[in-house]
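What follows is one structure encoded as structure tokens, with my remarks underneath.
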Amino acid sequence: MTYRISGLEPSLFAPLYRLADEDLAKQGTIRMPVTGSPGFPCRIRLDDAEFGQTMLLLNHVSHDVANPYRARHAIFVTEGSLEPADVTDALPPALERRILSLRAFDAAGMMSDAVLAQPGEADTAIRRLFEAPETAYLHAHNAIRGCFAARVDRA
């Protein structure tokens, strides 16, 4: 079984890159300098930003479904990111080094299973969750902060 993890589409956030801090604030978005690494995981590149880079902290709908599992939470994106990560059968750096909550969803967007994966355990957990025929896709969340990390699809 092959799986694919993709970063968020940069065009969703590109209009924010050129806004002044005051205009970002009106939308509930904050521009933040990276003060340490790891610690600022970009949902586009699926890696932690480096010291001195600038991130945007914003609220993002990660599971846009018409059921109780609709979800939104704060995420970081690296300001200026233009190319999303695209990783097959491996974990991108930001996911590999964190404790993850992996959530399986069926085609209707209802959660069908979930597991907690420690660093180094996610590959096995992803493959196990995809063994269930009802699993259409997975969401990875950073377990400690609870925020969306990435979507995982069958490849």
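Taken together, the values in this text are just the output of simple stated rules run on the coordinates, not laboratory data. These numbers come from a predicted model, not from an experiment. Please note: Cβ atoms are built from the backbone with ideal geometry, for glycine as well, and neighbour counts cover all protein chains shown.
Which residues make up the longest stretch of the chain that has no GluC sites (Glu not before Pro) in a DSSP loop with at most 12 other Cβ atoms within 10 Å? After excluding every exposed loop site, the longest remaining stretch is 51-130.
In the chain, the DSSP-assigned H stretches of four residues or longer account for a calculated mean residue ellipticity at 222 nm of -3000 deg cm²/dmol, using -39500 (n - 2.57) per stretch and the full residue count as denominator.
Just for segment 3-154, what percent of DSSP beta bridges are antiparallel, to the closest 5? Beta bridges within segment 3-154, antiparallel portion: roughly 95 percent. Residues whose amide H comes within less than 5 Å of that of Cys147, counting only those at least five positions distant or on another chain, are Asn142 (H built at 1.01 Å from N in the peptide plane). Close amide H contacts of Ser62 (hydrogens built in the peptide plane, cut-off under 5 Å, sequence separation of 5 or more or a different chain): Ala71, Arg72, His73.
How big is the dipole moment of the chain about its Cα centre under a simple scheme where the beta carbon of each Lys and Arg is +1, that of each Asp and Glu is -1, and everything else is neutral? Debye, nearest 20, please. For this selection, approximately 300 debye. Take every pair of alpha-carbon atoms less than 8 Å apart whose residues are at least six positions apart; their mean separation over the length of segment 1-133 yields a relative contact order of 24 percent.
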